[in-house]
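A quick write-up on the structure given underneath.
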């Protein structure tokens with residue numbers, strides 16, 4: 001039996017610039033700090049080139065359903081800051097692509113994720129629980145948009161703080 005295939009297209013609209021959003025999304029090892037609802041651990045296993053191509057990371061993730069996923073990805077394409085793509089393996093096997101477009105003071109973010117569910121639990125029960133697994137993905141991505149908005153606001157506040165506050169000194 002082949003692994004169940006899923007195709008998700010997620011749309012976010014966040015305040016900021018394409019450069020700011022790309023800086024956050026492209027730093028995979030920082031995901032557990034700002035996207036805490038989903039990313040339990042991320043470890044870089046191979047650095048990429050100057051454009052990030054070839055970088056490999058190992059991830060431990062969760063959703064609201066009572067299971068976790070272990071998977072890895074490799075950055076395969078980059079047109080920083082406008083797009084980057086990855087190939088995944090492990091509990092997820094497939095391809096994801098992030099696309100970012102500036103629209104006034106906002107960034108339109110699209111994540112196109114085509115993946116096969118290889119985790120035995122997902123393979124076994126996908127025929128019956130496919131809508132639940134899809135809802136779990138939507139929940140995780142909604143937490144991502146909320147978390148990205150908070151991270152962008154945090155970075156903006158840090159940039160606006162007086163130099164003495166940024167350096168940890170009292171005024």
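The values are calculated or read from the model by the stated rules, or taken from the named source; none is laboratory data. Since we're looking at a predicted model, the values are computed, not measured. So basically every Cβ, Gly included, is an ideal-geometry build from the backbone, and we count neighbours across all protein chains shown.
Odds and ends about this structure:
- Being closer than 20 Å to residue 138 by Cα, surrounded by 13 or more Cβ atoms within 10 Å (Cβ to Cβ) and touching a residue at least 24 places away in the same chain (Cβ under 8 Å) is a condition met by no residue of region 48-57.
- Per the listing 123, 70, the residue uniquely outside any loop (DSSP other than H, G, I, E, B) and at pLDDT 90 or above is 70.
- Test for residue 25: is it more than 21 Å from residue 151 (Cβ to Cβ) and crowded, with 19+ Cβ neighbours inside 10 Å: no
- Restricting region 82-105 to residues that are outside any strand (DSSP E or B) and either without any contact (Cβ under 8 Å) to a residue 60 or more places away in the chain or under 22 Å from residue 32 (Cβ atoms) (or both) leaves a set whose member that is nearest to the chain's Cα centre (by Cα) is 91.
- Hey, residue 130 in contact (Cβ under 8 Å) with a residue 24 or more places away in the chain, in a helix (DSSP H, G or I) and over 21 Å from residue 33 (Cα atoms) or not: yes
- Some residue of region 38-47 being within 13 Å of the chain's Cα centre (by Cα), surrounded by 14 or more Cβ atoms within 10 Å (Cβ to Cβ) and touching a residue at least 40 places away in the same chain (Cβ under 8 Å): yes
- Hey, residue 122 out of contact with any strand residue (DSSP E or B) (no Cβ under 8 Å at 6 or more places or on another chain), farther than 18 Å from residue 35 by Cβ and surrounded by 15 or more Cβ atoms within 10 Å (Cβ to Cβ) or not: yes
- Each residue in region 19-66 was checked for being over 24 Å from residue 134 (Cα atoms), modelled with pLDDT of 95 or more and either out of contact with any strand residue (DSSP E or B) (no Cβ under 7 Å at 6 or more places or on another chain) or assigned to a helix (DSSP H, G or I) (or both), and 12 of them qualify.
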